[in-house]
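Asks: Have a look at this one.
The values are calculated or read from the model by the stated rules, or taken from the named source; none is laboratory data. These numbers come from a predicted model, not from an experiment. Glycine also receives a Cβ, built like all others from the backbone with ideal geometry; neighbour counts cover every protein chain displayed. Each accessible area value is taken on the protein alone, full model and side chains, heavy atoms only, with ligands, DNA and RNA left out. Shrake-Rupley method; radii C 1.70, N 1.55, O 1.52, S 1.80 Å.
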Amino acid sequence: MNNNNENDPARLLELSRRKLLIGAASLAGVGAVAGLFPTLLWARTTLTFSNSFRSLTNPYHATFNRGGETYAASQQLPYSPLVTEGNSQKGIADIRALIAKTDGNLILNVEPNDSADARVIIEQCVKAGVYVTTIWNKPDDMHPWDYSPYWVAHIAEDGEAVGEAVATELFEAMGGKGGIVALGGIFSNVASIGRRSGLDAALKKYPDIKLLDFQAADWSANKAFPIVQSWLTRFGSEIKGIWCANDDMGMGALEALRGEGLAGAIPVVGIDAIEQAIEAIRTGEYIATSSLDPYWLGSMGLALAHAAKTGRLDPAKEPHEHREFYVRPQLITKNNVEAFYATSVKATPAVDVTDFWGRVAGPIRYNS
């Protein structure tokens with residue numbers, strides 16, 4: 001039999017096999033080889049959504065995560081949350097790994113563990129062509145418009161205004177006089193710094209309120225609990241109120257008060273409007289909290305970056321106040337707690353993910 005015969009079935013099969021391998025190899029840079037491997041094909045051609053945040057045990061971040069899950073489900077695309085556990089190196093490494101796993105076909109909404117982390121994260125995203133929204137923490141000298149189009153927006157809070165608002169509610173509940181103790185978040189956190197500034201601003205307006213002690217509890221109920229126990233022993237009846245930079249620490253403080261039979265007798269305030277804090281306001285054990293709507297943040301951060309990725313939003317054409325802005329807070333007290341409970345706790349919060357700028361409270365201000 002003539003092996004040079006072009007119609008030889010064995011030769012045709014061999015030629016076909018060689019063409020397939022040569023063609024696949026020549027197109028490997030654009031992902032054609034992935035057609036031979038279903039798992040790799042999924043990673044390279046399917047858009048993935050991800051929220052990166054501190055901890056699933058923190059009620060605020062658990063709600064933030066649910067917002068991301070809901071948005072990804074609405075797009076019928078996979079969602080891969082990343083949890084830093086307060087470890088900056090882990091947070092950055094996990095983002096790098098997910099960028100590699102998805103071949104950059106990723107939409108990212110990230111709350112950097114620390115401000116300095118944002119620089120590394122943004123540079124990685126820009127290099128890989130990943131569209132990203134950041135929440136809360138970033139260096140003051142970094143701005144989304146310097147990294148267009150990939151860094152779509154930065155969303156923050158006016159921490160000073162929020163911290164002062166809940167402090168004012170606390171001081172009024174105390175009759176404008178007496179000693180307080182205060183729990184702060186991570187010292188280098190933008191939110192922690194801003195909220196402490198708000199407390200200080202309120203103290204200046206209420207000269208008969210005395211700050212007995214301030215300690216950082218790193219946003220954690222578990223860390224707040226023993227600190228407050230120690231304060232109750234140390235200061236006793238001098239403590240007339242407790243200010244907390246977030247509600248998770250507020251819940252730790254409240255548990256310490258419950259252990260001494262003082263819940264409801266010593267007013268407590270916090271920030272974040274987690275479910276436990278809302279319930280405590282309803283029962284009279286908590287005075288006030290402030291909602292920045294983590295469910296909205298978890299979904300809208302992804303929606304903004306997704307809109308830029310798909311061409312529905314051109315970040316470069318937006319004004320600076322749409323690229324980095326404060327989100328409008330809502331103060332919750334006994335006067336409006338039932339309405340908030342009905343719409344945001346008992347029911348799933350409603351989010352219009354096409355209304356990108358509806359909750360903008362103004363551009364971010366920097367201390368010069």
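Asks: Taking a 1.4 Å probe, which of 268, 360 shows the most accessible area, and what order do the others take after it?
Replies: Solvent-accessible surface, decreasing: 360, 268.
Asks: Residue 177: which lysines have alpha carbons under 17 Å from its alpha carbon, excluding same-chain residues fewer than 8 sequence positions away?
Replies: Qualifying lysines at Cα under 17 Å: 204, 205, 210, 240.
Asks: Ignoring any ligand, DNA or RNA, what whole percent of the accessible area of region 286-344 comes from carbon and sulfur when the probe is 1.4 angstrom?
Replies: Exposed carbon and sulfur together represent 50 percent of the surface.
Asks: Could you give the length gained by full extension between residue 283 and residue 56, i.e. 0.36 nm per residue of separation minus their alpha carbon distance, to one decimal place?
Replies: 79.1 nm
Asks: Which value, in Å² rounded to 10, gives the accessible area of residue 206 with a 1.4 Å probe and all protein chains present?
Replies: Approximately 40 Å² of residue 206 is accessible to the 1.4 Å probe.
Asks: Residue by residue, what Karplus-based ³J(HN,Hα) values in Hz, rounded to whole numbers, does region 214-228 have, using 6.51, -1.76 and 1.60 with θ = phi - 60° and x for Gly and Pro?
Replies: Whole-Hz 3J(HN,Hα) from phi for region 214-228: 10, 9, 7, 10, 6, 6, 10, 4, 5, 7, 5, 4, x, 4, 5.
Asks: When the Cα centres of region 51-74 and region 88-164 are compared, how far apart do they sit, in Å?
Replies: Centre-to-centre distance over Cα atoms comes out at 16 Å.
Asks: Length gain on complete extension for the stretch residue 215 to residue 73, per 0.36 nm per residue less the alpha carbon to alpha carbon distance? The partial results should precede the final answer.
Replies: Details: separation 142, 0.36 × 142 = 51.12 nm, distance 4.05 nm.
Extending this stretch completely gives an extra 47.1 nm.
Asks: Could you name the aspartates and glutamates whose alpha carbon sits less than 17 Å from that of residue 223, not counting residues in the same chain fewer than 8 places away?
Replies: Once the sequence-local aspartates and glutamates are set aside, what remains near residue 223 is 85, 213, 247, 248, 255.
Asks: Next question, about the same structure. Can you report the principal axis dimensions of the chain using only the alpha carbons, biggest first, rounded to whole angstrom?
Replies: 105, 42, 36
Asks: May I pose another question? Please list 83, 126 in order of solvent-accessible area, largest first, computed with a 1.4 Å probe with all protein chains present.
Replies: Largest accessible area first, the list is 126, 83.
Asks: Just the accessible area for residue 260, please: 1.4 Å probe, Å², rounded to the nearest 10?
Replies: Estimated to the nearest 10 Å², residue 260 gives 120 Å².
Asks: Please name which of 197, 132, 296 has its Cα lying farthest along the dipole of the chain towards the positive end, using unit charges on Cβ (Lys, Arg +1; Asp, Glu -1) and the Cα centre as origin.
Replies: Final value for the positive-end residue is 132.
Asks: What shape does region 159-291 have by the C-alpha gyration tensor, where a ≥ b ≥ c are the square roots of the eigenvalues, rounded means a/c under 1.5, and otherwise prolate means a/b greater than b/c and oblate the rest?
Replies: Working: a/c = 1.23, a/b = 1.09, b/c = 1.13.
Verdict is rounded for region 159-291.
Asks: Ordering 333, 70 from largest to smallest accessible area (1.4 angstrom probe), what's the sequence?
Replies: The ordering from most to least exposed comes out as 70, 333.
Asks: What is the distance, in nm, between label points placed 7 Å from the Cα along the Cα-to-Cβ direction at residue 348 and at residue 120?
Replies: 3.6 nm
Asks: Then there is this: Using a 1.4 Å probe, what is the accessible area per residue for the chain, in Å²?
Replies: With all protein chains present, the chain gives 46 Å² per residue.
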